[in-house]
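The values are calculated or read from the model by the stated rules, or taken from the named source; none is laboratory data. The model shown is predicted, which means the values in this text are computed figures rather than measured ones. Here Cβ is always computed from backbone atoms with ideal geometry, including for glycine, and neighbour counts include all displayed protein chains. The protein model used for the area step is the full one, side chains on, heavy atoms only, and it has no ligands, DNA or RNA in it. Shrake-Rupley method; radii C 1.70, N 1.55, O 1.52, S 1.80 Å.
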Amino acid sequence: MNILPKSEVPDDILESSVLAHIAAAYFAVGKRLQRKTRCSATRGFILSALRGGATLNQNRIATLLALDRTVVHRAIKSMVQEGLVAERQAKSGRAIDITLTAKGNKYRQRLIQARVAADEIVRRQMTPAERETLLRLLKLIAECEF
């Protein structure tokens, strides 16, 4: 079963690449969640990094998430304008600390609810044995050395 658009990936890769299919499934789910929640993966990752009252500067967020600093900066700038995060001068140095606002916490909770609902829909599509097999195989792939 090919889930990638044929125009984007050559047939020989689709036929032989397990990783291409895993990536395609991951990105397809991400795009659906992004459309449903109107929240990009980058913004979601930033909100997650700031959970539990964490205070981080933009460079630390970029490093933690392995994202380009410019991408993080732009996302945070728009999130500040929307009132999802707050900026304040760090106690030392030139860094600016970022924290979630109350509005940002509510927004993050809404995203979590959307992900949990999507997960439940996926779970209902599979038998318990299929879910167990899928999780076992994903773990096996994640632990592969290459």
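Considering (1) closer than 30 Å to Ser17 by Cβ; (2) touching a helix residue (DSSP H, G or I) at 6+ places or on another chain (Cβ under 9 Å), the lone condition that Gln125 does not fulfil carries the number (2). Checking each residue in segment 45-75 for being of a type outside the set (Gly, Ala, Ser), closer than 20 Å to Gln109 by Cβ and over 15 Å from the mean Cα position of the chain (by Cα) picks out Thr55, Leu56. Residue pairs whose Cβ atoms lie under 6 Å apart, separated by 6 or more positions or on different chains, with the first residue in segment 75-93 and closer than 27 Å to Arg38 by Cα and in contact (Cβ under 8 Å) with a residue 12 or more places away in the chain and the second of a type in the set (Ser, Thr, Tyr) and part of a helix (DSSP H, G or I), are Ala75/Thr42; Leu84/Tyr107. Identify, please: which residue in segment 93-119 is of a type in the set (D, E, K, R) and within 27 Å of Ala20 (Cβ to Cβ) and is, among those, least open to solvent (accessible area, probe 1.4 Å)? Per the criteria, the residue is Asp119.
There is no residue in segment 66-77 that is closer than 30 Å to Leu14 by Cβ, open to solvent by less than 40 Å² (accessible area, probe 1.4 Å) and aliphatic (A, V, I, L, M). Does Gln81 fit the bill of being at pLDDT 95 or above and open to solvent by 80 Å² or more (accessible area, probe 1.4 Å)? Yes.
Per the listing Ala62, Ala25, Ala20, the residue uniquely farther than 28 Å from Leu134 by Cα, open to solvent by less than 100 Å² (accessible area, probe 1.4 Å) and either among the hydroxyl-bearing types (Ser, Thr, Tyr) or modelled with pLDDT of 85 or more (or both) is Ala62.
Listed by position, the helices (runs of 4 or more DSSP H) inside segment 1-98 whose residues that are among the acidic types (Asp, Glu) and farther than 21 Å from Ile112 by Cα number at least 2 are 11-16.
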